[in-house]
Every structure is written in structure tokens, then in C-alpha cells.
Amino acid sequence: QVQLVESGGGSVQAGGSLRLSCAASSYTYSSGSFSNYCMGWFRQAPGKEREGVARINLFLTTTYTDSVKGRFAISRDNAKNTLYLQMNTLKVEDTAMYYCAARWVSCDSWNFTYWGQGTQVTVSS
């Protein structure tokens, strides 16, 4: 089992930036195992379905949904068991609850296994 805890959400004006963090841990964890997980960020706005925002695989290959491409950047620090989402040029449409997610090895879809509790991002005009 993997535990995921997000942080870094908040309120910002349109055009501003935020960086989200996701700390991963497990009672069965062994050193370096975090690097074997596909990691991703999802978001859900009121009245809408959850959508995949970005994901990153074992070899640091990244995938983004079109609406955030060029503005958001996903990264990971395997030594710290931590995932990040740098969000720049934020738009009102980016307002949502953001969730961190993980899946063992496989990273060719938006199907994930483990989920964090979410952190709220609110962008005002």
C-alpha cells in the first residue's frame, strides 16, 4: 500500500503560479522503490468528472492534457519520494481539487491505483 499526501494548494490570481507537492510513503517500502511507480496529477472541478492533468513514468517521460501543456510541469525527486506539479500562468478554468495518484510501473493510461486526499487550487480573475 502507498500513502500519498498533497500540499501546496491555495488561492492565486489569474496569471500567477503555484507548486503542488505529493509525499509518498509505505510500511512495506524499500529504498528506491518510489522510482518504480508511475505518478500523476488529476483534478476535479464542481459538477465535472475527474480528469488527468499530467503523469510521469519511471524514465521521466511526461504526458500532459492539452489544456495545461506549456503552462504546467510535472517532476519527481526519487531521493525524497516526492512528486511535484509546477503550475504557471494559471487560469480561472484551472480551479479544482487536485489529487496525486500512483500506479506500479505501468504509465500508458490514466488508470491509477493509489490516491491522495486532494488539495484545493482556486484561481480568481
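The values are calculated or read from the model by the stated rules, or taken from the named source; none is laboratory data. All values reported here derive from a predicted model rather than from experimental measurement. Positions of Cβ are backbone-derived with ideal geometry, glycine not excepted, and every protein chain shown enters the neighbour counts. Surface areas here come from the heavy atoms of the whole protein model, side chains and all, with no ligands, DNA or RNA. Shrake-Rupley method; radii C 1.70, N 1.55, O 1.52, S 1.80 Å.
Evaluated against (1) in a strand (DSSP E or B); (2) among the hydrophobic types (A, V, I, L, M, F, W, C); (3) under 19 Å from N111 (Cβ atoms), L58 falls short on exactly one condition, (1). When S67, S75 are checked against the criterion of being open to solvent by less than 70 Å² (accessible area, probe 1.4 Å), out of contact with any strand residue (DSSP E or B) (no Cβ under 6 Å at 6 or more places or on another chain) and either under 18 Å from S7 (Cβ atoms) or not in a strand (DSSP E or B) (or both), S67 stands alone in meeting it.
Residue by residue, here is whether (1) among the aliphatic types (A, V, I, L, M); (2) at pLDDT 95 or above holds:
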site	(1), (2)
R43	no, yes
E51	no, yes
I56	yes, yes
D66	no, yes
R71	no, yes
I74	yes, yes
K80	no, no
L83	yes, yes
Q86	no, yes
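What number of residues in the stretch 30-50 are open to solvent by 30 Å² or more (accessible area, probe 1.4 Å) and touching a helix residue (DSSP H, G or I) at 6+ places or on another chain (Cβ under 9 Å)?
Keep residues of the stretch 30-50 that are open to solvent by 30 Å² or more (accessible area, probe 1.4 Å), which gives 30-32, 35-37, 44, 46-50.
Keeping just the survivors that are touching a helix residue (DSSP H, G or I) at 6+ places or on another chain (Cβ under 9 Å) gives 32, 35.
The total comes to 2.
Restricting to the stretch 113-125, what's the tally of residues that are assigned to a loop (DSSP other than H, G, I, E, B) and either among the hydroxyl-bearing types (S, T, Y) or open to solvent by less than 50 Å² (accessible area, probe 1.4 Å) (or both)?
Residues of the stretch 113-125 that are assigned to a loop (DSSP other than H, G, I, E, B), as a first pass: 113, 116-118, 125.
Now drop any that are not either among the hydroxyl-bearing types (S, T, Y) or open to solvent by less than 50 Å² (accessible area, probe 1.4 Å) (or both), which leaves 113, 116, 118, 125.
Final tally of qualifying residues: 4.
Within the stretch 56-83, being among the aromatic types (F, W, Y) and closer than 11 Å to S21 by Cα holds for no residue.
When the stretch 78-102 is filtered for residues that are among the charged types (D, E, K, R) and assigned to a strand (DSSP E or B), nothing remains.
Residues that are open to solvent by 40 Å² or more (accessible area, probe 1.4 Å), among the charged types (D, E, K, R) and under 23 Å from Q1 (Cα atoms) occur in the stretch 101-112; there is at least one. Across the stretch 62-95, what is the total count of residues that are out of contact with any helix residue (DSSP H, G or I) (no Cβ under 7 Å at 6 or more places or on another chain) and at positive phi? Summing the residues that are out of contact with any helix residue (DSSP H, G or I) (no Cβ under 7 Å at 6 or more places or on another chain) and at positive phi in the stretch 62-95 gives 2.
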